[in-house]
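First comes the structure, then the notes that go with it.
The values are calculated or read from the model by the stated rules, or taken from the named source; none is laboratory data. Just so it is clear, the model here is predicted, and its values are computed rather than measured. Note: ideal-geometry Cβ built from the backbone for every residue, glycine included; neighbour counts use all protein chains shown.
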């Protein structure tokens, strides 16, 4: 990963700021995620960082179900786009008063990279007098309220991390477009979305553009890379896939059972299970957890075909490192998701 270091008042930078050519048409969310993916696949000489903004948009985590997370009627009535990203984590609202940071890294230890990167984002806020603190698995707080959340995914030998910074966001839209579960809000100790978030524009005299310039200099100094026309054509092809109906809305596989559970430091998992003769024909996972590995190939393919029992599934998990697939997940938590708490053994009488 890029090393961030200070000596006296000097910062040593080893990553480049990514400059994107001007396009007259509005840039929607899939474009910027396509930039991330393309750069991660193509420019492997360095780490890269860039800031961007979008029209009012709800962005879903890779494995989230729209009906659980978004008020689609409110979005339609208020011109709010709905798109999906390849990273895990929770649902996010963004608009032109909200800044998105993208960081493309060599880091092979995603957990370490994630923490290091978010610490730097908190530090760049502190550098202009905002008392920002890292909290939980992916949040930055100011005065106990969230100003930034983040997510990541692995792509070949690269880590792609991105985070949102609330600067002058329309919090009314954020509150009404997103519909997190009551359980999730309770886990954060609040009754509503708006009680939990705040704009950092309330804590600095810098304008939004000034904050972006500060972030660029703090993270990259004067190092840059400018994308060219060839790059833009390739990015446009990736953008088509990320903007497609199939990617955003997906399909709805058959299921006979639904199990849902929230675990601290992991997130909410929802298992949709298709059973036949008490055997797992199909199993899919959704939620706001963070994927590190390939959940289908490395986990679910090994569970499909097993008897639907704690013992059978536990046996299938024996050689699987769950925490290397879903961040922080333990085998006993996965079993509890599917089967509830294990039965309590009673002492024999007499």
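When you scan the stretch 206-219, do you find a residue that is surrounded by 12 or more Cβ atoms within 10 Å (Cβ to Cβ) and farther than 25 Å from residue 16 by Cα, even just one? Scanning the stretch 206-219, I find no residue that is surrounded by 12 or more Cβ atoms within 10 Å (Cβ to Cβ) and farther than 25 Å from residue 16 by Cα, so the answer is no.
If you check residue 286 against the conditions, is it assigned by TED's automatic domain parsing to the domain that holds residue 47 and either surrounded by fewer than 19 Cβ atoms within 10 Å (Cβ to Cβ) or in contact with a strand residue (DSSP E or B) (Cβ under 8 Å, 6 or more places away or on another chain) (or both)? Answer is no for this residue. Of the residues making up the stretch 162-182, those that are in contact with a strand residue (DSSP E or B) (Cβ under 7 Å, 6 or more places away or on another chain) and not in a loop (DSSP other than H, G, I, E, B) number 10. Every condition in (1) surrounded by 14 or more Cβ atoms within 10 Å (Cβ to Cβ); (2) closer than 28 Å to residue 160 by Cβ holds for residue 316 except the one numbered (2).
In the stretch 240-350, counting only helices (runs of 4 or more DSSP H) that sit wholly within it, the ones holding 1 or more residues that are under 26 Å from residue 57 (Cβ atoms) and in contact (Cβ under 8 Å) with a residue 40 or more places away in the chain span 245-249.
Residue 224 - would you say it is under 23 Å from residue 55 (Cα atoms) and modelled with pLDDT of 95 or more? Considered against the rule, which asks whether it is under 23 Å from residue 55 (Cα atoms) and modelled with pLDDT of 95 or more, residue 224 comes out as no. Counting the residues of the stretch 219-239 that are touching a strand residue (DSSP E or B) at 6+ places or on another chain (Cβ under 7 Å) and part of a helix (DSSP H, G or I) gives 2.
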